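Engineer: Quick one: structure below, then a few questions.
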Amino acid sequence: MNMRTETIPSGNSAGKLLVRVRPRGFCAGVVRAVDIVELTLELYGPPVYVHHEIVHNRYVVEQLRKRGAIFVESVEVVPEGSVLVFSAHGVPPQVREQAVARRLRVIDATCPLVTKVHMEAVRFAREGRTIILIGHRDHQEIIGTSGEAPDRTVVVGSVEEVDALQVPDPNRLAFLTQTTLSIYDTQEIVARLRERFPAIVGPASDDICYATQNRQEAVEQLAQRVELVLVVGSANSSNSNRLVEVAERAGVRAKLIEDANAIDPTLLEGVQRIGLTAGASAPEILVEQVSEKLAGLGYTEQIDLPVIHEDVRFSLPAELTVLR
């Protein structure tokens, strides 16, 4: 397998070519969340309970489960006095209250960018505004954010849902967005909101996180150079699914795959150039395994395509910094 780095890979390679775009895979929020679970296990020993999957990736969850993490969907099943980690997606205030009632030692792994959206929701609610929350209503992040002001929050996921909106006061509205959405879909929804409700206000800066935007922009460039884009990520990963949509919007076939075992050789028939990326919750080891599998299928010429440089880091909770 020949791996090298090129700014612009040749589109006329005589053999089969794999182009691995960067940035890909873990974002700073996911690195922080996984580190928190690992360090909590080191500090307190197993079992450590985690509210929901720490991040939406089956491989990551299984690796942490082997080390003693127990993933739960309800605080009520956590034994009183135990250690509980909140996932990167955040939780509604009700979950925090339940944790206090059960005397749990809580370590918060909520992504700081998600926390920012929670704080914006609190501020808009205090201003007496109805909050239009753009996102997927069953996603953990939306459940957590809407929990900050459930009586004042309406979730929408499409332009059509915006068109059907009925609000108590069009002059007292605000919008927020899930951090892992498609940039393009969100822009369309926000544009329609502003068209229907000119007085609506939004956050001071874009809620869609830097990593989501960077990976989408990288895939958009990748799609111009390949015939098929493979996205490594789990089916319940919002940002991974959005990468597939971005590639398809750019006019290329795309497929979400959990790991190397999910590669269907029939999907590759007639394809000379494959692009490869990974969602923000997918570890690099899965990318390497997919690369090896594709090399065995004839894609021995493999190129890294750097598009955007990332150097974002988030600090750990104070109670865990003693281990670093």
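Engineer: Sum up the charges of everything whose Cβ sits under 11 Å from the Cβ of residue 116, counting Lys and Arg as +1 and Asp and Glu as -1, but leave residue 116 out. Present the calculation step by step, with values, prior to reporting the outcome.
Structural biologist: Values: positive: 123; negative: 120, 206, 207.
Net charge in that neighbourhood comes out at -2.
Engineer: Need one word for the range 113-208: rounded, prolate or oblate. Basis is the Cα gyration tensor (sqrt eigenvalues a ≥ b ≥ c); a/c below 1.5 gives rounded, then a/b vs b/c decides.
Structural biologist: Details: a/c = 1.39, a/b = 1.07, b/c = 1.30.
Note, shape of the range 113-208 comes out rounded.
Engineer: Could you compute the net charge surrounding residue 81? Neighbours are other residues with a C-beta less than 13 Å from the C-beta of residue 81; K and R count +1, D and E count -1.
Structural biologist: Values: positive: 102, 103, 105; negative: 80.
Residues near residue 81 contribute +2 overall.
Engineer: Under a Cβ-Cβ cut-off of 12 Å, what is the net charge of the residues other than residue 162 that fall near it, where Lys and Arg count +1 and Asp and Glu count -1? Working shown, then result.
Structural biologist: Working: positive: 192, 194, 196; negative: 160, 161, 163, 185, 188, 195.
Spelling it out: positives minus negatives among the neighbours equals -3.
Engineer: Treating cross-link reach as a plain straight distance, find the lysines whose alpha-carbon is under 21 Å from the alpha-carbon of residue 66, omitting any fewer than eight places away in the same chain.
Structural biologist: Leaving aside lysines fewer than 8 places away in the same chain, none come within reach of residue 66.
Engineer: Under a Cβ-only charge scheme (Lys and Arg +1, Asp and Glu -1), can you give me the dipole magnitude of the chain about the Cα centre, in debye to the nearest 20? Can you show the working numbers first?
Structural biologist: Numbers: 34 positive and 43 negative charges, 74 e Å.
Dipole size: approximately 360 debye.
Engineer: Between residue 312 and residue 292, how many nm apart are label points set 7 Å from Cα along the C-beta direction?
Structural biologist: Going from the residue 312 label point to the residue 292 one covers 3.1 nm.
Engineer: While we're looking at this one, here's another question. Mean residue ellipticity at 222 nm from the helices of the chain, using -39,500 (n - 2.57) per DSSP H segment of n ≥ 4 over the full residue count, to the nearest 500 deg cm²/dmol?
Structural biologist: Taken over the chain, the calculation gives -11000 deg cm²/dmol.
Engineer: Can you list residues whose amide H is under 5 Å from residue 253's amide H, if they're 5+ apart or on another chain and H is modeled 1.01 Å from N?
Structural biologist: 229
Engineer: Hey, of [x] 62, 54, 32; [y] 102, 51, 37; [z] 70, 46, 37, which did the structure itself give for Cα extents along the principal axes in Å when calculated?
Structural biologist: Here the calculated entry is [x].
Engineer: Which one, 171, 305, 252, is farthest towards the positive end of the dipole of the chain when Lys and Arg carry +1 and Asp and Glu -1 on their Cβ?
Structural biologist: My answer, from the dipole projection, is 305.
Engineer: Okay, next question. Using +1 at the Cβ of each Lys and Arg and -1 at the Cβ of each Asp and Glu in the range 6-107, identify which of 95, 47, 59 lies farthest towards the dipole's positive end.
Structural biologist: 59
Engineer: Among the aspartates and glutamates, select those whose C-alpha is under 20 Å from the C-alpha of residue 293, and discard any that sit fewer than 8 residues away in the same chain.
Structural biologist: Candidates past the 8-residue exclusion: 227, 258, 259, 264, 269, 284, 301, 304.
Engineer: In debye, nearest 20, what is the charge dipole magnitude of the range 28-111 about its Cα centre with +1 on Lys and Arg Cβ and -1 on Asp and Glu Cβ, if you could check?
Structural biologist: 80 debye
Engineer: If R₀ is 30 angstrom, what is the calculated FRET efficiency for the pair residue 65 and residue 119, using the beta carbon separation as r and rounding to 0.05?
Structural biologist: Working: r = 32 Å, r/R0 = 1.05.
With R0 = 30 Å, the Cβ-Cβ based efficiency is 0.40.
Engineer: Any idea what the relative contact order of the range 58-116 is, in percent, if you count C-alpha pairs under 8 Å spaced at least 6 apart?
Structural biologist: Working: 54 pairs, mean separation 20.8, N = 59.
In percent, rounded to a whole number, it is 35.
Engineer: Could you tell me the relative contact order of the chain? Use alpha-carbon pairs under 8 Å, at least six residues apart, and round to a whole percent. Intermediate results must be reported in sequence, preceding the final value.
Structural biologist: Numbers: 635 pairs, mean separation 90.8, N = 324.
Averaging sequence separation for qualifying contacts and normalising by length gives 28 percent for the chain.
Quick note: the coordinates plus some simple rules give every number you see, no bench work behind them. Being a predicted model, the structure only gives us computed values, none of them experimental. Cβ: placed from backbone, ideal geometry, glycine included. Neighbour counts: every protein chain shown.
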